[in-house]
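First the structure, in the form of structure tokens, and then the observations on it.
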Amino acid sequence: MTILFRGGRVFTAAGAFAEAVLVRDGVITAVGPERELARQAGAHETVDLDGGLLVPGFTDAHIHPVQAGLERARCDLAEVYGLDAYLAKITDYSTKNPDKEWIDGGGWDMSAFPGGLPHRSQLDFLDHPAYLIQRDHHAAWVNGRALERAGITRDTPDPADGRIERDPDGTPSGVLHEGAMDLVGLLTPRPTGQDLDDALAEAQTYLFSLGITGWQDAIVGSYAGSDDQLPTYLSAARSGRLRARVVGALWWDRTRGADQIPDLVERRRSAEGLDRFRAGAVKIMQDGITENFTAATLEPYCLCGGTGLSYVDPLELRGYVAELDRLGFQVHFHAIGERAVREALDSFEGSDPANRHHVAHLQIIEPSDVPRFAALGVSANLQPLWATHHAQMDELTLPYLGEPRSSWQYPFADLLACGTRFCAGSDWPVSNADPIQGMHVAVNRTEPGGSVHAGYPTAQTPFLPGQRIGLDTVLTAYTAGSAWINRSPAGVIEPGRPADLVVLDRDPFTLPESEIWTTGVRQTFVDGEAVHTR
């Protein structure tokens with residue numbers, strides 16, 4: 001089948017534009033003037049861009065689709081905000097699911113509670129144990145029945161990689177941070193294989209609707225009560241149900257050491273020969289998040305002291321990364337605090353840039369470490385949506401960090417000026433999966449108009465506006481940059497590439513920057529076949 005895309009502009013790559021694109025049998029065969037391509041086309045179908053913009057399919061370089069699909073099928077709090085709204089959702093879910101053994105799900109926001117902490121008593125009206133994961137997936141809100149089921153009392157010690165939040169008398173308050181989540185999470189009902197298959201299918205359909213045609217799943221393994229998703233991906237890829245181009249980042253178990261590397265090699269081998277799925281990355285979570293003081297910092301937090309957690313010993317980390325690099329693995333770090341970022345960069349000293357290592361989140365970077373990304377050939381994996389003034393930032397993060405550390409957050413422009421290669425992602429379901437919303441924030445450093453935080457008093461005040469980057473830069477990060485990280489043949493519109501394409505309903509380059517967020521996806525194509533039409 002031959003398709004001519006015409007009637008708008010085409011963003012081919014890195015700020016370059018064209019008039020039209022010709023696709024034959026799922027492959028881009030020509031890019032150029034519409035009149036010339038129409039002469040070449042012969043018998044063909046036409047996709048009228050109708051004044052919109054044609055872009056390469058987006059690749060999300062840090063996302064958790066199976067987990068998101070599971071959460072959408074449970075008690076999903078992600079689309080509402082505030083205690084009253086959460087309790088209304090939880091009550092409705094409990095009423096509609098009287099036979100469920102547990103009330104599980106998540107999506108609550110720390111900023112909805114004083115000090116970022118809900119309490120078990122707020123859920124003790126339920127007749128069932130409750131386990132609700134925080135939106136960032138670094139804490140869980142549980143009720144008294146769940147604590148009793150797990151045998152957690154004032155005498156239960158904190159695990160090495162987590163913390164049990166407590167009332168003044170030492171009684172567990174109902175919030176479990178980081179590794180402490182497993183004390184309850186591992187008791188919740190496990191999803192069946194069919195549940196996981198359905199979750200991936202639901203997520204893929206939803207991501208196609210946002211123009212996302214590929215991704216890197218940032219946890220393929222068991223973590224905080226989640227289930228290993230590798231069999232789910234292998235089954236979907238072998239059956240043809242997986243249409244997106246996916247890399248699985250295999251989970252590094254921080255309770256183990258180098259002894260797990262042979263297992264990772266075997267897990268990578270299990271995906272060899274598959275067209276749509278590869279498992280050539282390893283994900284290492286080096287720290288937590290700032291709002292619960294588990295992000296690894298160089299200096300103590302302002303209000304509570306302490307410098308957070310380094311989940312993997314920094315000296316041992318260097319040896320682990322060196323061996324993974326030698327074996328040809330890509331290493332994908334979670335690093336939020338400036339110490340974790342430095343530890344990740346230190347571990348990459350002497351590594352092979354051809355392995356395309358990257359560090360995600362990068363909330364705080366000590367200025368002297370900014371040039372090291374380009375010097376080491378390490379990509380910055382941006383989650384732009386977080387770089388705004390919102391309740392969690394203004395009421396929790398900024399007071400805990402203080403200055404000058406608060407001004408080191410999400411330094412996109414500084415990284416760009418040093419020649420750093422960018423990729424980008426969402427961390428969905430932690431935050432909105434829509435790449436357009438992330439692009440809006442990268443350009444404006446303000447909340448998109450449709451956000452649940454858009455009405456916050458300072459949401460439209462640019463957050464560290466000197467760190468804005470251009471729309472062409474961030475669009476390239478979501479397309480060519482993330483495709484490059486995944487070794488995907490897509491991400492650029494040029495002859496010989498697969499026709500993974502997205503038709504936007506308007507050209508965001510022609511809009512006022514404050515209106516970028518209003519852009520939507522009209523159609524998504526994978527190998528020239530429409531997988532979403534609005």
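The values are calculated or read from the model by the stated rules, or taken from the named source; none is laboratory data. None of these values were measured; they are calculated from a predicted model. A quick note on method: Cβ atoms are made from the backbone with ideal geometry, for glycine too, and the neighbour counts reach across all protein chains shown.
Within region 450-498, the set of residues being surrounded by 20 or more Cβ atoms within 10 Å (Cβ to Cβ), at pLDDT below 95 and over 22 Å from the mean Cα position of the chain (by Cα) comprises Tyr456 only.
For Tyr233, indicate whether it is in contact with a strand residue (DSSP E or B) (Cβ under 9 Å, 6 or more places away or on another chain), in a helix (DSSP H, G or I) and not small (Gly, Ala, Ser). Against the criterion (in contact with a strand residue (DSSP E or B) (Cβ under 9 Å, 6 or more places away or on another chain), in a helix (DSSP H, G or I) and not small (Gly, Ala, Ser)), Tyr233 qualifies.
Right, Asp198: closer than 25 Å to Gln134 by Cβ and assigned to a helix (DSSP H, G or I) or not? When the stated conditions are applied, Asp198 passes them.
Residues that are without any contact (Cβ under 8 Å) to a residue 24 or more places away in the chain, at negative phi, outside any strand (DSSP E or B) and of a type in the set (Val, Ile, Thr): does region 92-115 have at least one? Within region 92-115, one or more residues are without any contact (Cβ under 8 Å) to a residue 24 or more places away in the chain, at negative phi, outside any strand (DSSP E or B) and of a type in the set (Val, Ile, Thr).
The set of residues from region 327-348 being of a type in the set (A, V, I, L, M) and buried (at least 24 other Cβ atoms within 10 Å of the Cβ) comprises Val331, Ala335, Ile336, Ala340, Val341, Ala344. From the list Ile133, Ile63, Ile103, Ile90, the lone residue that is buried (at least 24 other Cβ atoms within 10 Å of the Cβ), more than 26 Å from Gly438 (Cβ to Cβ), in contact with a strand residue (DSSP E or B) (Cβ under 8 Å, 6 or more places away or on another chain) and of a type in the set (A, V, I, L, M) is Ile103.
Residues that are under 16 Å from Ile364 (Cβ atoms) and either free of Cβ contacts under 8 Å to residues at least 40 places away in the same chain or of a type in the set (Gly, Ala, Ser) (or both) were ranked within region 289-326; the one that is surrounded by the fewest Cβ atoms within 10 Å (Cβ to Cβ) is Gly306. For region 25-55, a residue qualifies if it is outside any loop (DSSP other than H, G, I, E, B) and in contact (Cβ under 8 Å) with a residue 40 or more places away in the chain, and the qualifying residues are Val27, Ile28, Thr29, Ala30, Val31, Glu45, Thr46, Val47, Asp48, Leu53, Leu54, Val55.
In region 351-374, of all residues being small (Gly, Ala, Ser) and in contact (Cβ under 8 Å) with a residue 12 or more places away in the chain, the one that is farthest from Tyr456 (Cα to Cα) corresponds to Ser351. The residue of region 408-425 that is surrounded by the fewest Cβ atoms within 10 Å (Cβ to Cβ), among those that are of a type outside the set (A, V, I, L, M, F, W, C) and not in a helix (DSSP H, G or I), is Gly419.
Residues are listed down the side, and each one gets a yes or a no for (1) assigned by TED's automatic domain parsing to the domain that holds Gly106; (2) under 30 Å from His389 (Cβ atoms); (3) in a helix (DSSP H, G or I); (4) in contact (Cβ under 8 Å) with a residue 60 or more places away in the chain:
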{"position": "Gly438", "(1), (2), (3), (4)": "no, yes, yes, no"}
{"position": "Thr446", "(1), (2), (3), (4)": "no, yes, no, yes"}
{"position": "Gly449", "(1), (2), (3), (4)": "no, yes, no, yes"}
{"position": "Pro457", "(1), (2), (3), (4)": "no, yes, no, no"}
{"position": "Asp472", "(1), (2), (3), (4)": "no, yes, yes, yes"}
{"position": "Val503", "(1), (2), (3), (4)": "no, no, no, yes"}
{"position": "Phe509", "(1), (2), (3), (4)": "no, yes, yes, yes"}
{"position": "Ile516", "(1), (2), (3), (4)": "no, yes, yes, yes"}
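So Ala258 clears everything in (1) touching a residue at least 12 places away in the same chain (Cβ under 8 Å); (2) on the phi > 0 side of the Ramachandran plot except one condition, right? Which one? With (1) touching a residue at least 12 places away in the same chain (Cβ under 8 Å); (2) on the phi > 0 side of the Ramachandran plot applied to Ala258, the lone miss is (2).
Residue pairs whose Cβ atoms lie under 8 Å apart, sitting 6 or more positions apart in sequence or on different chains, and linking a residue in region 379-401 that is free of Cβ contacts under 8 Å to residues at least 24 places away in the same chain and not assigned by TED's automatic domain parsing to the domain that holds Glu291 to a partner that is hydrophobic (A, V, I, L, M, F, W, C) and surrounded by fewer than 24 Cβ atoms within 10 Å (Cβ to Cβ), do not occur here.
Table: residues versus (1) within 17 Å of Gln409 (Cβ to Cβ); (2) assigned to a helix (DSSP H, G or I); (3) modelled with pLDDT of 95 or more; (4) charged (D, E, K, R).
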| position | (1), (2), (3), (4) |
| --- | --- |
| Pro300 | no, no, yes, no |
| Gly306 | no, no, no, no |
| Leu317 | no, yes, yes, no |
| Leu324 | no, yes, yes, no |
| Phe333 | no, no, yes, no |
| Glu349 | no, no, yes, yes |
| Val359 | yes, no, yes, no |
| Ser368 | yes, yes, yes, no |
| His389 | yes, no, yes, no |
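Residues that are closer than 20 Å to Leu187 by Cβ and either more than 17 Å from the chain's Cα centre (by Cα) or small (Gly, Ala, Ser) (or both) within region 206-236 comprise Gly221, Ser222, Ala224, Gly225, Ser226, Asp227, Asp228, listed in sequence order.
Yes/no matrix, rows are residues, columns are (1) assigned by TED's automatic domain parsing to the domain that holds Leu511; (2) more than 19 Å from the chain's Cα centre (by Cα); (3) more than 25 Å from Ser482 (Cβ to Cβ):
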{"residue": "Glu34", "(1), (2), (3)": "yes, yes, yes"}
{"residue": "Ala43", "(1), (2), (3)": "yes, yes, yes"}
{"residue": "Thr46", "(1), (2), (3)": "yes, yes, yes"}
{"residue": "Ala68", "(1), (2), (3)": "no, no, no"}
{"residue": "Tyr81", "(1), (2), (3)": "no, yes, yes"}
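Tell me, yes or no, whether region 209-223 has at least one residue that is modelled with pLDDT of 95 or more, out of contact with any helix residue (DSSP H, G or I) (no Cβ under 8 Å at 6 or more places or on another chain) and surrounded by fewer than 20 Cβ atoms within 10 Å (Cβ to Cβ). Yes, some residue in region 209-223 is modelled with pLDDT of 95 or more, out of contact with any helix residue (DSSP H, G or I) (no Cβ under 8 Å at 6 or more places or on another chain) and surrounded by fewer than 20 Cβ atoms within 10 Å (Cβ to Cβ).
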